[in-house]
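Asks: Structure below; questions to follow.
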Amino acid sequence: MAGSSGFSGGSGPHPIAGSCPEVPVLGTFPPMFRRSSRFFHPATLVLLFGLVVSACGSENPKLMVTGIEPDRGDAEGGTYVRIRGNRFTADTPRSVKVYFGGQQGRVSRFESDSVLIVEAPGGKPNEVVDVLLVFDPGGQLKIPNGFRYYEHNQKPPSVDDLNISKSKAQK
């Protein structure tokens, strides 16, 4: 075995231990990157969308709101919501007031430059309200129809609710 480096290219059905694995030729791409005459592979579209979103994420120089989660809460109040956006704290220290319809929510904290945690006030069941953020400095930003109140069920379900024979007897 004089001159053997241990990396011989066994090309038969049983490659020699220590041989280099087959590597695709430079310039060839897996099928997901090949373009048909009309469509891109879905994975390619997801990749491109992700690049576009990340490119305009926190680099956007404008104060903005992009969403709220959850977008519904108990009519009695107390639901904590995350308001997502951009540049909440990057430019300067800001104070903010958040209104759900005409009711002011309680700002808990800025989780980051792009997330604000707020406790929603109470409202009327099934009412849909705008969410208004008033930044100082920065002005007002509104999420139209951004939050819906639901009625809180006071009595939790019980096993008796599942008893079919009981409900037939009552009829």
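Asks: Given bins 5 angstrom wide, list per bin the percent of all Cα-Cα distances in the stretch 63-165, short to long.
Replies: In order of increasing distance, the bins hold 3, 13, 23, 22, 13, 9, 6, 4, 3, 2, 2, 1, 0 percent.
Asks: Could you order Arg84, Arg94, Arg106 so the one with the most accessible surface comes first? Probe is 1.4 Å.
Replies: Final ranking, largest accessible area leading: Arg106, Arg84, Arg94.
Asks: Could you tally the net charge around Tyr149, taking each other residue with its Cβ under 10 Å from the Cβ of Tyr149, Lys/Arg +1 and Asp/Glu -1?
Replies: My count for the surroundings of Tyr149 gives -1.
Asks: Roll a 1.4 Å probe over the protein heavy atoms and report the accessible area of Thr92 in Å², nearest 10.
Replies: 50 Å²
Asks: Further question: What is the gain in length, in nm to one decimal, between Arg94 and His152 on full extension, counting 0.36 nm per residue of separation less the C-alpha to C-alpha distance?
Replies: 17.5 nm
The values are calculated or read from the model by the stated rules, or taken from the named source; none is laboratory data. Computed from a prediction, not measured in an experiment: that's the story for all the values here. Cβ sites come from the backbone with ideal geometry, for glycine too, and all protein chains shown count toward neighbours. Remember, those area values only see protein heavy atoms, side chains included, never the ligands or the DNA or RNA. Shrake-Rupley method; radii C 1.70, N 1.55, O 1.52, S 1.80 Å.
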